[in-house]
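Have a look at the structure below, then the notes.
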Amino acid sequence: MRRVMAMTILAAAAVFSSADAQEQPARITRIEFRPATAEEGAGLIISLIGTGRCTYTIDFGDGKSDERTAELPDRVQHAYPDGEFTVEATPQAPCEGVARAKVDVRAINRGIWSLSGEPGPATDALELLVTVHGRGSCVVALDYGDNATDKFEGALPTTRSHKYANPGTYDLKATTAEPCRGEAAMRAEIKRQGAGG
């Protein structure tokens, strides 16, 4: 009886050891930026994306750095002057991965961040509603990928409507001009409503 109990305990210990070995190590994968909201105050929100608990040093690229220990994803708020900065997060073992990203503060404060699209309300046309995400009042040139372009000025974000002549896959691109910064691109698959899904 004593031998059977000892074997059971050893088997249980082996199961726990095997489960521990299968756990993924903590890892930093990338850095993301967004402007702080009015409620959050000034500066940028820097999100460190990853999994697990990490101790890491974040170099803000402006001569300042901070050592943090946190469960990922983690975020920190930092105020920058205008300019371009390289932000780098370096973990301490056993956490893995190094993340590095450039941020143009002028584009974050005033400029284009990204594009998104969704089908338009028209049922008799191949319509796409394109949203130019960003901040500030900017002159934007929007290329719809079908030899049609649209140039407009106004506050971002803004949504534009475009009707395509034919179904297909189109590469869209938005650019801006000083004092705004940034550009964005997306690929849209245009198909007739009710077709293919």
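The values are calculated or read from the model by the stated rules, or taken from the named source; none is laboratory data. This one's a predicted model, so the numbers in the text were calculated from it and none came from an experiment. Cβ sites come from the backbone with ideal geometry, for glycine too, and all protein chains shown count toward neighbours.
Within the range 53-87, how many residues are within 18 Å of Pro35 (Cα to Cα) and hydroxyl-bearing (Ser, Thr, Tyr)?
The number of residues fulfilling the criteria is 2.
So Val139 fits all but one of (1) touching a Gly at 6+ places or on another chain (Cβ under 8 Å); (2) more than 19 Å from Glu32 (Cα to Cα); what number is the exception?
(1)
Hey, any hits in the range 64-85 for a residue that's of a type in the set (S, T, N, Q), at pLDDT 90 or above, out of contact with any helix residue (DSSP H, G or I) (no Cβ under 7 Å at 6 or more places or on another chain) and under 20 Å from Trp113 (Cβ atoms)?
Yes, some residue in the range 64-85 is of a type in the set (S, T, N, Q), at pLDDT 90 or above, out of contact with any helix residue (DSSP H, G or I) (no Cβ under 7 Å at 6 or more places or on another chain) and under 20 Å from Trp113 (Cβ atoms).
Looking at the range 182-193, I want the residues that are under 16 Å from Gly120 (Cα atoms) and have a partner that is surrounded by 12 or more Cβ atoms within 10 Å (Cβ to Cβ) and among the hydrophobic types (A, V, I, L, M, F, W, C) with Cβ atoms under 7 Å, at least 6 apart or on another chain. Which pairs are those?
Qualifying pairs under 7 Å: Ala188/Leu128; Ala188/Leu172; Ile190/Leu126; Ile190/Leu128; Arg192/Leu126.
Out of the range 20-69, which residues are surrounded by fewer than 16 Cβ atoms within 10 Å (Cβ to Cβ), in contact with a Leu (Cβ under 8 Å, 6 or more places away or on another chain) and over 28 Å from Pro157 (Cβ atoms)?
Arg53
Consider the range 129-151. How many of its residues are crowded, with 17+ Cβ neighbours inside 10 Å and among the basic types (Lys, Arg)?
Residues meeting the conditions: 1.
Take the residues in the range 101-150 that are free of Cβ contacts under 8 Å to residues at least 12 places away in the same chain and part of a loop (DSSP other than H, G, I, E, B); name whichever of them is farthest from Val87 (Cα to Cα).
Only one residue fits best here, namely Asp124.
Within the range 74-113, take every residue that is among the β-branched types (Val, Ile, Thr) and surrounded by 15 or more Cβ atoms within 10 Å (Cβ to Cβ) and give me the one that is nearest to Tyr56 (Cα to Cα).
Thr90
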